[in-house]
Amino acid sequence: MKYEVATLGGGCFWCLEAVFEETRGVIDVVSGYAGGTLLNPSYEQVSSGTTGHAEVVQVTFDPSIISYEALLKIFWLIHDPTTLNRQGNDVGTQYRSVIFYHDEHQKKQAEASMKAFSSKFTKPLVTEIKPLETFYKAEAYHQDYFKNNPNQGYCMFVVSPKVEHFKHEYKDLVK
């Protein structure tokens, strides 16, 4: 079986990671950084907003169970793609809405998905669609953050509601 990979940014990577880890057909989710200019950036460097990187997740999935299109459907649900460089109280280019495609097929699917979902929002979508150049895995303490820290304040008040919203809206896609 051949797995595929999607790289998505929609604010803090903890939120996306937590939702995609609960998604049927997802094999692995890794938090990291993409889209910037600095080699091997640290969380502190990315958080400064000066490296050009976005916080992203790399989702390894089984396309015989879940499609890239379905992953994008979840992506649109779990963040606000109409706010430029911002998700809630998280502000800066590192929190931008972005789809990093791995090949031309993903690019076309991302463009079609964005067009299809744009009518579901009252404001224009600001999501970038760009080729993935390099992905850097985030530090170990960022991996499985929600799973390891469910009682942390940000997790309780920001991450948990997104996970519950996903589980309610897309019951058929939950593990």
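Observations
- Part-to-part distance (alpha-carbon centres) for segment 138-175 and segment 1-80, which is given in Å: 13 Å
- Only one of [x] 8, 34, 37, 16, 5, 1; [y] 10, 41, 39, 9, 0; [z] 10, 37, 34, 16, 4, 0 was calculated from the structure for P(r) over Cα pairs in 10 Å bins from 0, in percent, and its label is [y].
- Extended-chain gain in nm, criterion 0.36 nm per residue less alpha-carbon gap, Lys123 and Lys175: 15.5 nm
- Selected from Val56, Val26, Val91 as most flexible by GNM, with the chain as the system and alpha-carbon contacts under 10 Å: Val91
- Among Pro81, Pro161, Pro41, the residue with the largest mean-square fluctuation in a Gaussian network model of the chain, with springs joining Cα atoms closer than 10 Å, is Pro161.
- Solvent-accessible area, 1.4 Å probe, carbon plus sulfur percent, for the chain: 53 percent
- Magnitude of the charge dipole, segment 1-126, Cβ model with Lys/Arg +1 and Asp/Glu -1, debye to 20: 500 debye
- Cα-only Debye scattering, segment 1-76: base-10 log of I(q)/I(0) at q = 0.14, 0.21 Å⁻¹: -0.45, -0.86
- Ligands, DNA and RNA are left out, and with a 1.4 angstrom probe the accessible area of segment 1-101 is 36 Å² per residue.
The values are calculated or read from the model by the stated rules, or taken from the named source; none is laboratory data. Keep in mind that what you see is a predicted model, and the values were worked out from it rather than measured. Cβ: placed from backbone, ideal geometry, glycine included. Neighbour counts: every protein chain shown. Side chains are part of the model used for accessible areas, which takes the heavy atoms of the whole protein and leaves out ligands, DNA and RNA. Shrake-Rupley method; radii C 1.70, N 1.55, O 1.52, S 1.80 Å.
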